[in-house]
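The values are calculated or read from the model by the stated rules, or taken from the named source; none is laboratory data. Fair warning: this is a prediction, and the values are worked out from it, not measured in the lab. Note that each Cβ is placed from the backbone with ideal geometry, even for glycine, and that neighbours are counted across all protein chains shown. Areas reflect the complete protein model, heavy atoms only, side chains present, ligands, DNA and RNA absent. Shrake-Rupley method; radii C 1.70, N 1.55, O 1.52, S 1.80 Å.
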Amino acid sequence: MPTINSNYLNLKAGYLFPEIGRRVSAFAETNPDAPIIKLGIGDVTEPLPEACRVAMQKAIQDQGKAESFHGYGPEQGYGWLRSAIAEHDYKARGCDISADEIFVSDGSKCDTGNILDIFGPGNTIAVTDPVYPVYVDTNVMVGNAGPAGDNDEYSGLVYLRATAENNFTPQIPEQRVDLIYLCYPNNPTGAVASKAYLKQWVDYANSHGSVILFDAAYEAFITEDDIPHSIYEIEGAKTCAIEFRSFSKNAGFTGTRCGLTVVPKGLVGKDSSGNDVALHGLWNRRQSTRFNGASYIIQRGAEAVYSEAGQEQVKGLVSFYLENAKLILEGLASQGLECSGGVNAPYVWIKTPDKMSSWDFFDKLLSEAHVVGTPGSGFGQSGEGYFRLSAFNSRASVNEAIDRIAAKVSV
Ligand code: MLT
């Protein structure tokens, strides 16, 4: 009988979103007529942009003819997509990122976990608190963190507290860490990072030999001019940061799957003898061995995001969800609830009323208003006493959810 990866036994509970799904299904089973509105998991609801659908349909036709058929593609992604990304997402914002530093994948959630394959054991890992749980759980899985203590925090991880007092932008640690996960615009708080704040991180990472794992999955939602969309807008980031991006939230690819990871060529880690080794080569090797590339059809769809029509349609989708976020933010604030986020992100972060616990508030909204959100404590200790509502739903459902919450909750 084979042994198992015992690190998995250190994981506290099921992954957050399936756990929410389980509770919602249990409620629905006993209350089959309750009209549940889901503003929990950040899953998009609007159809794919037309430009993407047309491109994917054409790609299906390509696959139907021997002369345009595509079998295995490059593991790193097709050149035409990597060039479009480099041009539109990076060069247009003054970031010196070349097409061959971009690795196309089937989503940034996978990449943020898979990236640990190229880092050795024994690294010190810093995460923000609250945090997207994937960063934490994947480190537990590979043994970078030990068992969780009574406060549900894993031994060995450095937690950087993101609170209302620091605008959900944690202080740079005093101690040295090897890897730092940052996500801005932030999931779950919806907070943003200024250039000056990210510059502090870049300077810290370069002076301590650390690597920043920067998740920019929500950059398309930035509405304020001076907020950076990429870590590479910060001078010095190319020698200390890897960036993850996604087509999920901007172009609605949550079920279609396409994302990307940028590993600059000048970025290095150390081998066991202390020699510098380029991370680009390691990630390339990892992807070439373990991944066969995102599908041709999907990559053609992603390429269409950068067409004139695609850009216009994606802008429309993002504005639609941002308008939902604004309605949630203003609707709940008018009930006296303390809310933040929602301006440069599709998430509104709400302080629970009367010091209710996050899960109690979840149960109250589910049972009384039939509205599903995400309990802040599911994102970490500092999320306790908070609740996240996502802006991903129809306008009618969002308006209805706000009315129902308002009828049940006021401060
Ligand atoms: C969330 O709700 O936090 C997101 O759906 C996470 C994800 O994109 O995986």
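Counting pairs of alpha carbon atoms under 8 Å apart in space and at least six apart in sequence, what relative contact order in percent does the chain give? Spell out each step's value before the answer.
Numbers: 798 pairs, mean separation 94.0, N = 411.
Computed over the chain, the figure is 23 percent.
FRET efficiency for TRP359 and ALA309, Cβ-Cβ distance as r, R0 = 35 Å, nearest 0.05?
Numbers: r = 44 Å, r/R0 = 1.26.
About 0.20, to the nearest 0.05.
In terms of Cα to Cα distance under 18 Å, which aspartates and glutamates are near enough to LYS195, apart from those fewer than 8 places away along the same chain?
ASP89, ASP96, ASP203, ASP215, GLU219, GLU224, ASP225, ASP226, GLU233, GLU235, GLU243
For the charge dipole of the range 52-307, defined by +1 on Lys and Arg C-beta atoms and -1 on Asp and Glu C-beta atoms about the Cα centroid, which residue among VAL54, ILE102, PRO173 has the Cα displaced farthest towards the positive pole?
VAL54
Mind checking the dipole of the chain: about its Cα centre, +1 per Lys or Arg Cβ, -1 per Asp or Glu Cβ, Debye to the nearest 20?
520 debye
Taking the Cα centre of the range 1-136 as origin and charging only Cβ (+1 Lys, Arg; -1 Asp, Glu), how large is the dipole, in debye to the nearest 20?
It comes to approximately 260 debye.
Go ahead and collect, in residue order, the members of the range 70-107 whose backbone nitrogen is under 15 Å from a label point 7 Å along the Cα-Cβ direction of MET141.
106-107
So for the range 52-307, taking the charge dipole from beta-carbon charges (+1 Lys/Arg, -1 Asp/Glu), which of TYR154, VAL134, VAL192 sits furthest toward the positive end?
VAL134
Once each part is reduced to its C-alpha centroid, what is the distance from the range 317-378 to the range 116-160 in angstrom?
The range 317-378 and the range 116-160 have Cα centres spaced 27 Å from each other.
Using the structure shown, list the pairs from LYS12/LYS249; LYS109/LYS249; LYS199/LYS249; LYS364/LYS408; LYS109/LYS351; LYS249/LYS315 with a Cα-Cα distance above 18 Å, or answer none.
LYS12/LYS249; LYS199/LYS249; LYS109/LYS351
Mind checking the per residue accessible area of the chain for me, 1.4 Å probe, whole number of Å²?
43 Å²
For the ranges 185-195, 115-125, what's the packing order if you count other beta-carbon atoms within 10 Å of each residue, average per peptide, and put the highest first? Intermediate values should be presented prior to the final figure.
Numbers: 185-195: 24.2, 115-125: 16.5.
Going by the mean number of other Cβ atoms within 10 Å, highest first, we get 185-195, 115-125.
Taking the range 1-95, which chymotrypsin sites (Phe, Trp or Tyr not before Pro) meet the DSSP loop condition and have no more than 16 other C-beta atoms within 10 Å? Could you put the intermediate results ahead of the total?
Numbers: sites: TYR8, TYR15, PHE27, PHE69, TYR72, TYR78, TRP80, TYR90; in loops: TYR15, PHE69, TYR72, TYR78.
Sites meeting the loop and neighbour criteria: TYR15, PHE69, TYR72.
Working out 0.36 nm times the residue gap between SER334 and SER288, then minus their Cα-Cα distance, what length gain in nm do you get to one decimal?
Gain on extension, SER334 to SER288, equals 11.3 nm.
Which percent of the accessible heavy-atom area of the chain goes to carbon and sulfur, probe 1.4 angstrom? Don't skip to the end; give the middle numbers.
Working: 8740 of 17530 Å².
For the chain, the apolar C and S fraction of the accessible surface comes to 50 percent.
When the helix-only estimate is applied to the chain (DSSP H runs of n ≥ 4, each -39,500 (n - 2.57), divided by the residue count), what is the mean residue ellipticity at 222 nm, nearest 500 deg cm²/dmol?
-10500 deg cm²/dmol
At what distance in nm do the modelled label points of ARG93 and ASP33 sit from each other, each positioned 7 Å from its Cα along Cα→Cβ?
It works out to 5.0 nm between the two label points.
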